[in-house]
Amino acid sequence: MNEKTAPEKFTFQAEIKKLLDLLSHSLYQNREIAIRELISNASDALDKFRFISLTDESAKDDQPLEIRLEPDSENRVLAITDNGVGMTHDELIENIGTIAHSGSLDFLSKAAGDQKEEVSLIGKFGVGFYSAFMLADKVEVLTRSYQDETGYKWESDGTGSFTIESQADLQRGTSIRLHLRKDLDEYTDDTRLKFILKKYSTFVPYPIKIGEELVNDQKPIWIEPKNQLTQEQYDGFYQYLAHNGEDSARWHLHLSSDSPFQFHCILYCPQNNMELMGFGRTEHGISLCAKRILVQNDNRDLLPEYLRFLYGLVDSADLPLNISRESLQDNTVFRKIKKVLTKRVLSHLASIAKDDEEKYLEFYRQFGSVLREGIGTDFENRDALAKLLRFPSSKGSSESELFSLEAYLERAGEDQKQIYYLGGNDFNTIARNPNLEIFRKKGIEVFYLEDPMDEIVLSNLAKFSDHDIVSIDSSDVKLPGEEKADDDSEESAEKKEETKEPATPEFEKVLSLFQEELKEDVESVTKSDRLTDSPCCLVMPEGAISSQLQKVLSMGNKDFPTTKRILEINPDAELIKRLCTLSSNNDQHAFIKQCGRQLFWNASLMTGIATSPEQITENIQSMMEELAQKRSPIIT
Ligand SMILES: Nc1ncnc2c1ncn2[C@@H]1O[C@H](COP(=O)(O)OP(=O)(O)OP(=O)(O)O)[C@@H](O)[C@H]1O
């Protein structure tokens, strides 16, 4: 099918039309990144071809893989050409007629609104190719796939449609021909182009030529000794790998090893966590090379999921070149490299924390939400990960002051055998929770967990440095000193009972009236040892999960069985003392029950589990009416 056919005409998706409009009219501040995007696509196409030719004998040829820039100032055309995989007819339609990532348009519309540097993130969202229209008012793509005899020409002026027609005599690969916009003649100027290439594409691992002149040195910096590399070189390589608009990484880790297996590696931690910015789960992987040859550019198995935010490259002479993705995971060297990298990253984080806690916290505020996932998945490195966790606590003044489990234990008394936490909607609400009263009185620190994921992480961890980690809204929480009596012997249980003040018959009566009123709603009503001021609080029965966790789990599943709480009553609270004095009078029992119900509702409101606002308001109103009647018995 070599004879010329009539061009087929296609209309761009509506989304793409909007995108093209934005790219050509609004996002003009940093047009040079379009060159970077097109070079990056060319480099990807060369990677793909190199990988295919490793396993497919028929694809091999002697042509050196390279990228060429051909400026034609007379016709004001710049061509960017590669001899990579090329595209078939269907690939052309599929790859450059649809948007890969649905969020990209929204993002770009916002970026166009404030003209900020976010526009340099274009490449992240699969709109790389379309940036060609920032430079050109007509773009031609001449391409022939390595699998095809026929080549094709794609053409568009970026307004609403594109055409595709077959094209004879094309070499394998792709040539993007940019018909430059008015006033953009500089993009046919060699010096200007060299400047742009040096800025963005130094580390592209293929020769980039302008005419016959080589303009990048493709130096594999990862095999160089660390002390011979400059920060600029590390930054440049980071920009090349990450493509995220950041000038430099938060930190990098350069590792080299010769035995028991050989590998070189540079890992970079970005400044920002894109997941926090609402871009969904991070999808990029690590570039994997065997003897400097790229085997995969987005390997996601080389690091555990909870380190997915890292960018980097790993090169090992001990890895086979032509190995499938699946069997790579079973490869012994691959698995060992993964193990070493994980340990080294965690120890690097520990050393940052040791040297400069504030710097570590800056990292943790960005990536802690991803890192902590490891507690539930990486049992081998659990201890190291646990030391890297940080949480707000009663020692801080807001949710942004974070503390480690180790620092917590350093402050705890010697007789404290448990680590305490309390979950809740936000820092201030947690701080007002009556369950904390005894802890505050005794000066015992409690972690305040406003993020339910933190609670899942801590209940998953369960123990740290021989200390049980417990939620203080559990009925079996032990205060320091109490644990000693917790050896199940009857003798010690009796002693414990003896030290408690016996409940008065009046108080017992109040409890039994409350119990009668609330028998459907609570597990039991008991005397509290943890309250100092408030009249009551709700706690979870022994062994049950915490209130906050229960709330989160029932949000995801309406049928999740709710555990009935225990209502603890403080005999020293003013209100309770007064109810005790009324308890011998049978006529007052209905009122005591009404108070018991309202106290239960109040505690439910504090815990964020109240479900019947209309009943709560009705009850308060009827009590108010009664009070008002006493104050003003006659209506005039
Ligand atoms: N020079 C090229 N050779 C072969 N295929 C190409 C070339 N340029 C683009 N493509 C194809 O077009 C697709 C879309 O390119 P585009 O730059 O818009 O997004 P992307 O490269 O997939 O995403 P990103 O820019 O985030 O890397 C590519 O995935 C690739 O399949």
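Here are the numbers for this structure:
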item	result
Within the range 216-236, considering residues that are without any contact (Cβ under 8 Å) to a residue 40 or more places away in the chain and in contact with a helix residue (DSSP H, G or I) (Cβ under 7 Å, 6 or more places away or on another chain), the one farthest from Leu267 (Cα to Cα)	Asn216
Residues of the range 582-623 that turn out to be of a type in the set (S, T, N, Q), in a helix (DSSP H, G or I) and within 30 Å of Pro561 (Cα to Cα), as a count	8
Every pair of residues 6+ apart whose Cβ atoms lie under 6 Å, when the first sits in the range 622-636 and is outside the structural domain of Gln594 (by TED's automatic domain parsing) while the second is surrounded by 10 or more Cβ atoms within 10 Å (Cβ to Cβ)	none
Every residue from the range 375-397 that is assigned to a helix (DSSP H, G or I) and either among the charged types (D, E, K, R) or out of contact with any Pro (no Cβ under 8 Å at 6 or more places or on another chain) (or both)	Ile375, Gly376, Arg382, Asp383, Ala384, Leu385, Ala386, Lys387, Leu388
Matching option when the condition is at pLDDT below 90, in a helix (DSSP H, G or I) and surrounded by fewer than 19 Cβ atoms within 10 Å (Cβ to Cβ), among Lys219, Lys194, Lys198	Lys198
Filter result for Leu371 (within 16 Å of the chain's Cα centre (by Cα), surrounded by 21 or more Cβ atoms within 10 Å (Cβ to Cβ) and under 17 Å from His467 (Cα atoms))	no
Looking only at the range 154-191, and only at residues there that are farther than 30 Å from Asp217 by Cα, assigned to a strand (DSSP E or B) and charged (D, E, K, R), the one that is farthest from the chain's Cα centre (by Cα)	Glu165
The one condition in (1) farther than 20 Å from Glu66 by Cβ; (2) open to solvent by 40 Å² or more (accessible area, probe 1.4 Å); (3) within 13 Å of the ligand (Cβ to nearest atom) that Arg177 fails to fulfil	(1)
Residue in the range 533-546 that is nearest to Arg432 (Cα to Cα), counting only those that are modelled with pLDDT of 85 or more and surrounded by fewer than 16 Cβ atoms within 10 Å (Cβ to Cβ)	Asp533
Residue list for the range 281-308, restricted to those being assigned to a loop (DSSP other than H, G, I, E, B) and either at negative phi or buried (at least 20 other Cβ atoms within 10 Å of the Cβ) (or both)	Arg281, Thr282, Glu283, His284, Gly285, Arg300, Asp301, Leu302, Leu303, Pro304, Arg308
Candidate set: the range 222-236, residues that are out of contact with any strand residue (DSSP E or B) (no Cβ under 6 Å at 6 or more places or on another chain) and open to solvent by less than 30 Å² (accessible area, probe 1.4 Å); chosen: the one nearest to Phe195 (Cα to Cα)	Gly236
Qualifying residue in the range 246-260 (condition: out of contact with any Phe, Trp or Tyr (no Cβ under 8 Å at 6 or more places or on another chain), outside any strand (DSSP E or B) and within 23 Å of His284 (Cβ to Cβ))	yes
Within the range 139-153, tally of residues that are under 25 Å from Asp21 (Cα atoms) and in a loop (DSSP other than H, G, I, E, B)	0
Qualifying positions in the range 51-68 - within 13 Å of the ligand (Cβ to nearest atom) and open to solvent by less than 50 Å² (accessible area, probe 1.4 Å)	Ile52, Leu65, Glu66, Ile67
Any hit, the range 547-566, residues being over 36 Å from the mean Cα position of the chain (by Cα), in contact (Cβ under 8 Å) with a residue 24 or more places away in the chain and surrounded by 12 or more Cβ atoms within 10 Å (Cβ to Cβ)	yes
Of all residues making up the range 109-155, the number that are open to solvent by less than 20 Å² (accessible area, probe 1.4 Å), away from the ligand (no atom under 13 Å from the Cβ) and modelled with pLDDT under 75	3
Qualifying residue in the range 69-85 (condition: open to solvent by 10 Å² or more (accessible area, probe 1.4 Å), within 13 Å of the ligand (Cβ to nearest atom) and out of contact with any Leu (no Cβ under 9 Å at 6 or more places or on another chain))	no
Tally, over the range 237-272, of residues that are surrounded by fewer than 21 Cβ atoms within 10 Å (Cβ to Cβ), of a type in the set (A, V, I, L, M) and either within 12 Å of Ile221 (Cβ to Cβ) or free of Cβ contacts under 8 Å to residues at least 24 places away in the same chain (or both)	1
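The values are calculated or read from the model by the stated rules, or taken from the named source; none is laboratory data. Since this is a predicted model, take the numbers as computed values, not measurements. Every residue, glycine as well, gets a Cβ built from its backbone with ideal geometry; the counts of neighbours run over all protein chains shown. Areas reflect the complete protein model, heavy atoms only, side chains present, ligands, DNA and RNA absent. Shrake-Rupley method; radii C 1.70, N 1.55, O 1.52, S 1.80 Å.
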